[in-house]
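Asks: What follows is a structure written as C-alpha cells; I'll ask about it next.
The values are calculated or read from the model by the stated rules, or taken from the named source; none is laboratory data. Fair warning: this is a prediction, and the values are worked out from it, not measured in the lab. Virtual Cβ from ideal backbone geometry, glycine too; neighbours counted across all protein chains shown.
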C-alpha cells in the first residue's frame, strides 16, 4: 500500500451543517445556535421531526438502576482483541454501578438510542468504516460491534497487521461482517488521519540524532493516510476521529509536521495549528471528492473527549457545574473543539459533539478501576452514548 497522492482542492461547498462557532465558549453556548449539536428532534408520540434542532450533547445522565446491560463485554468478538477496555473482565473486578446510567439529551424527546436491528436493516449490503486513533479503534467501533452482535453474529473477516511503506508502523485493521445482513464493518487505526512516519532514521535526522521514543512521529499535514483515503469510495458511511495524539508532550513525545515548506517541530503551545492543518486536508479531500461527483460516503467526525487527569479518584458522575469547569480548564478540549469547527466548516461532514456529556463521567474511565489509563472508556459504558448520538444523526440524514 502506498501513500495517497490525491490532489486536494479548496472547492467551497455549502456545509452540511452550520458550523459558525470558533471558540469553545460559542460551541457550548445554549440555544438553537449551537453549531455542533444539530440533528433530529421529537414530536408528540416519540417520532422525530427531521431537521429540527436536537442538541445531543446537552442533557443529563439519568439513573436507571434496573436497566439491563446492552451487551456483556466478555462475549463481544472485537473486545477479545481490544480487551483493555473490558472493565467486566474477571481480572479487573469492578462494581457495575457506573453502567446504571443513560445519557438523555434534554431537547430530543421520545426514544433516543442505538437500535441495532434497525441499523443492520438500513445498512444491508453496505460498508461502514470507523477511522481514527485509539478512541475510535478501541471505544467507538467496538461499541457498535458489541451491540450488533446481540442481534446477529458479527464475524471477523480479516485482521490485518499491514506495514505501510515509508511509515514504519504496524497498522491494525479489522474487517468484520454480519452475514445475515451482508453488512461490512471496517475498523482502521489511523492516529492522525494524515500520512505519518515513525522510522528511526527520519526521526533521528530531525531530532539531532537523539533516539526516538515509541510515540515520536513526523506527520505530513498536506497528505492523507492511504490506509483509509485510498478506499473511501468503497464506504457508504465513514466515521472519523482524531485529536489526542496531536498534542506534543515536551517530556515524552516529539512531533514534527510537513506542510510543503519543509519539516518543522511544533511546540506544546502550537499543536492546534498542526491539528487544524491536518483536519483541513481531510475536509478538503472529502469536499473535492463530492464536488467532482465521486462516490461519497455519509461522513461524520466524532469530537473526541479530552483526557481527564487523576481519574482514579472519581467514583461517581460529576454535576453540570463541575463538568463544565473541567471542560473549561482542559486545554485539549479548549484547543481541539474550535479547530475542528473551522477545519470542517466547508466540508460534507457532520460533527458529533460528545465532549461535554462524556466529561460528566470520569467514573467510567478505564483508569477509575485503579490503573493509569485516563483516556479510554470502559465497555459497555460511556462510548455507547456516542453511538446513540451517531445513530440518531444517521437517522436524520437517511430519513428513517
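Asks: In the list 175, 188, which residue meets the criterion of being under 21 Å from residue 275 (Cβ atoms), in a strand (DSSP E or B), in contact with a strand residue (DSSP E or B) (Cβ under 8 Å, 6 or more places away or on another chain) and at pLDDT 90 or above?
Replies: Being under 21 Å from residue 275 (Cβ atoms), in a strand (DSSP E or B), in contact with a strand residue (DSSP E or B) (Cβ under 8 Å, 6 or more places away or on another chain) and at pLDDT 90 or above holds for just one of 175, 188, which is 188.
Asks: Next question. Can you name the residue in the range 93-115 that is buried (at least 21 other Cβ atoms within 10 Å of the Cβ) and over 16 Å from residue 381 (Cβ atoms) and, of all such residues, is modelled with the highest pLDDT?
Replies: 105
Asks: Another question about this same structure. (1) closer than 30 Å to residue 343 by Cα; (2) at pLDDT below 90; (3) surrounded by fewer than 21 Cβ atoms within 10 Å (Cβ to Cβ): which one isn't true of residue 200, the others all being true?
Replies: (1)
Asks: Has the range 132-150 got at least one residue that is at pLDDT 95 or above, in contact with a helix residue (DSSP H, G or I) (Cβ under 8 Å, 6 or more places away or on another chain) and surrounded by fewer than 19 Cβ atoms within 10 Å (Cβ to Cβ)?
Replies: For the range 132-150, residues at pLDDT 95 or above, in contact with a helix residue (DSSP H, G or I) (Cβ under 8 Å, 6 or more places away or on another chain) and surrounded by fewer than 19 Cβ atoms within 10 Å (Cβ to Cβ): present.
Asks: Same structure again: Looking at the range 323-350, which of its residues are at pLDDT 90 or above and either part of a loop (DSSP other than H, G, I, E, B) or buried (at least 20 other Cβ atoms within 10 Å of the Cβ) (or both)?
Replies: Once the filter is applied, which keeps residues that are at pLDDT 90 or above and either part of a loop (DSSP other than H, G, I, E, B) or buried (at least 20 other Cβ atoms within 10 Å of the Cβ) (or both), the range 323-350 yields 339, 340, 341, 343, 344, 345, 346, 347, 348, 349, 350.
Asks: Checking residue 86 against (1) over 26 Å from residue 400 (Cα atoms); (2) modelled with pLDDT of 85 or more; (3) within 20 Å of the chain's Cα centre (by Cα), only one condition comes out false. Which one?
Replies: (2)
Asks: Report, by residue number, each residue of the range 191-219 that is part of a loop (DSSP other than H, G, I, E, B), farther than 19 Å from residue 238 by Cα and touching a strand residue (DSSP E or B) at 6+ places or on another chain (Cβ under 7 Å).
Replies: 198
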